[in-house]
Each structure stands twice: as structure tokens, then as C-alpha cells.
Amino acid sequence: MHSNFFKTKLVKGKKVTILALNWRDLRNPLSGGAEVHAHEMFSRNAQKYQIIHLAPEFKNCINDEIIDGVRYIRKGTTMTVLFYAMYYYLKNRKVIDIVIDQCNAHRFFTCFYVPRRKRIFYTHQLYRELWYIMAKPPISQIGYLLETPMLKLNRKDKTITVSESTKKGLLDVGFSEKNITIVPNGINFKPLPYNELYSKDSDTCFVYAGRYANSKGINLAVEAIGKLKQNGKQIKLKLIGRENENYIDNVLKPICKKYHLTIGKEELNDIIICGFVSEEEKHRILGKSKALVLPSTREGWGIVIIEAAVMGTPSIVFNSPGCVDAVDFGNAGYLCSENTVDALVENMIRVIEDDIEYEQKRKSAYNFSVKFNWKDSAKIFSNLIDSITK
């Protein structure tokens, strides 16, 4: 349904009213773990609070809808939504009790029009070196130089983040520890008992799950398979995620050509493109794979790491913020000593050749990850809201 945005006026009720601002929402084709985290926090508290989520429009979107009790309003572009957000808040400021400004390299500058007592700053990760991977000059330099002063605008706000790594980054730029609340990621399915997990494929197969982007390290994972093949190892890599044909043609296929790897949708290929799959199929692929490979430069947390772990599949990750938290600093997975392709190869060989260590990693990853669930995380969020609004 379409709403007349400029005539929309909230009515004060008995519930605390929360306005959540984000550059994407759960239904956006470009949404990721950050949007899942937000929706799980909000939807599990939708009976307790009135929650309105405002984000930009996307192609063929519904401008105003209710999803799991959360009202999703979509208006404008990633730039114009800043003005719509300010307009919506100012028009309804007597009703709105809390404004959540979710920062993903994009922010709503709520510090300039929302009183501090009503503000929550919400960020999954700092971007730092990611600016140079994700953007071209001069945007990369501008983003990198402005990130710290931009963060300092919110350093006195109540803050939500998802990992100790990001918390440390915030403390380093002047945030107060007493104002930071960690709301961990979770899983939205009941884990199977360890002895009922999928058996591993007879053919050694690793898996990558995520976006097609250099910042996620998918190119490095493919190169690692190439180096393993040069060493005589017959290893496959499955790629889960919405396909990006341009990235496949211009980045992955040249790597495959260099190492004489085959790539395609068929199981006989070295690099198998699975595309976007259902949750059930994702869990099956994760469960039957030997290990998840996620050489990401930086994550808020990396939900797929714990999803793989509860399916009995440990992860090989770079020593990067967020990733280190999700593998319990190497206790619940394989942590590369250096963020290089050679380090990936070294750990993939450990997975293949050291059966005793591998079984230990499987069990420790499973035991660490089954502790995370959205119910507990949603409760942490509601406790924060109650402490602010009481």
C-alpha cells in the first residue's frame, strides 16, 4: 500500500514509540546481516513497543507495510531519505520516544535535530580500510578521513553494537563504555543435536557465503582453491549468495583462468556457483561442506560463521574485526596468522589433513555458537529501551 507520507501523523498510545532510521531494510535486495539483526531486535519487541522503520525506496517496493509487527515506511533515495527522516521526526516528535540512527557508512545526523535523551546510535562495524576497498578516489579518501570526526558526533549517545571488536573501535574514538550495549547476533532456527548433524561430502568441498565483493574476500577464497590445485589438491568451493555477473566475469573468471579452474553452476566445476538459495538449502550446503571460508577485511560479526558452526562446520577467517569474535579468537574456528591467500591455503590444508584437530574445531565451533539466539538478544535490546524510557 502507498501512504501519503506528508500527511502521516502518529497517534500517541500507551506503548513507547521508536523511530528506526536505516539506509536499507529487510526487503531491500541489497540487505545483509545488519538488516537481519535490526529486524530480529524490532520484530521480537513489536508487541511491547510501537516501532516505525524508515528507509529509502527500492525498485518495486511497497512504500508502507507491516512485517512481523514492525511498520516499514520507504521514502526517497539514500540521500533524500535524510530529509524525510528529519521531517517525519519533527512532525511526530511529541509522540516519538526514541530515535535509532543506524550507521552503515551512511548516517542520518540525528545529533542535529533529536535531543540526546531520545537518541540511540547503532552501528555494526567501523569502515576504516574498507573505504579504499569499497569506493574509488576521491570518495575513498574523503570517507576514510571523515569517519572518525563523524563518529565523534555520537560519542555521548547511548550506543548499540554487535561485537567486542566494534566496541573497542568505538572506545578508541571517545565513546563511553557505560553507554555501549552489545546486542549479539543470533540464529533463527533450532540447532540439531551434534550427533544428528549432516555428514560431510565425500568430495572435499569448502563454502563461501555472502556478497560478491573484494571486501568479503571471495576473490581470495577462489585464489586459495587455485593454489591448492597447483599443489595437487582436488578441492571444490561452493559460492552461496546473490550472483553478480559483472563481478564473476571481471574478477573471478580471470583468477580461474590463471589457475586453470572451472567455474559454473554444475557440481563438476572447481568453483560451483549456487546463487541465492533458500534458508534450508543454505543450511544443507553449510552442513555438508568441510569448512566455511570467509577472508573478510572487516565484519560487524559475520552471522554466517555461527550459522555454519551450528551445522557442524568450522570457519577459516582472517584476523579481522568481527570475524575474530565469531570464531572466539581462534578457539572456535581457524584464525589466519596473516591476512593472506597463503595463510588461507595453510589452514585449508590443516582442515583436510589433520582429522583430530578438525573434529576438535567442529565441536568447539558448535558449542560456542549454539549459545547465540535472537530471543536473548531481543531481551537485551528491550532492557536498554526500558532503561532509557523509564
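The values are calculated or read from the model by the stated rules, or taken from the named source; none is laboratory data. This structure is a prediction, so every number in the text was calculated from the model and none was measured. In this analysis, Cβ positions are derived from the backbone assuming ideal geometry, glycine residues included, and neighbour counts consider all displayed protein chains. The protein model used for the area step is the full one, side chains on, heavy atoms only, and it has no ligands, DNA or RNA in it. Shrake-Rupley method; radii C 1.70, N 1.55, O 1.52, S 1.80 Å.
Observations on the model:
- For the criterion of being free of Cβ contacts under 8 Å to residues at least 40 places away in the same chain, among the small types (Gly, Ala, Ser) and under 21 Å from ILE133 (Cβ atoms), GLY241 passes.
- Residue count for the stretch 287-329, restricted to those that are free of Cβ contacts under 8 Å to residues at least 60 places away in the same chain, surrounded by fewer than 24 Cβ atoms within 10 Å (Cβ to Cβ) and part of a helix (DSSP H, G or I): 2
- Within the stretch 109-123, residues that are on the phi > 0 side of the Ramachandran plot reach partners that are part of a helix (DSSP H, G or I) and surrounded by 17 or more Cβ atoms within 10 Å (Cβ to Cβ) with beta carbons closer than 7 Å, at six or more positions or on different chains, in the pairs PHE109/LEU82.
- Residue within the stretch 100-113 that is open to solvent by 40 Å² or more (accessible area, probe 1.4 Å), among the small types (Gly, Ala, Ser) and touching a Leu at 6+ places or on another chain (Cβ under 9 Å) present: yes
- Residues located in the stretch 25-44, provided they are in contact with a strand residue (DSSP E or B) (Cβ under 6 Å, 6 or more places away or on another chain) and open to solvent by 20 Å² or more (accessible area, probe 1.4 Å): SER43
- Residue within the stretch 69-77 that is free of Cβ contacts under 8 Å to residues at least 12 places away in the same chain and not in a strand (DSSP E or B) present: no
- Selection count, the stretch 181-239, where residues are in a loop (DSSP other than H, G, I, E, B), of a type outside the set (Val, Ile, Thr), open to solvent by less than 60 Å² (accessible area, probe 1.4 Å) and in contact with an Asp or Glu (Cβ under 9 Å, 6 or more places away or on another chain): 5
- Any hit, the stretch 357-373, residues being hydroxyl-bearing (Ser, Thr, Tyr) and buried (at least 19 other Cβ atoms within 10 Å of the Cβ): yes
- Qualifying positions in the stretch 46-62 - open to solvent by less than 10 Å² (accessible area, probe 1.4 Å) and not aliphatic (A, V, I, L, M): TYR49, HIS53, PRO56
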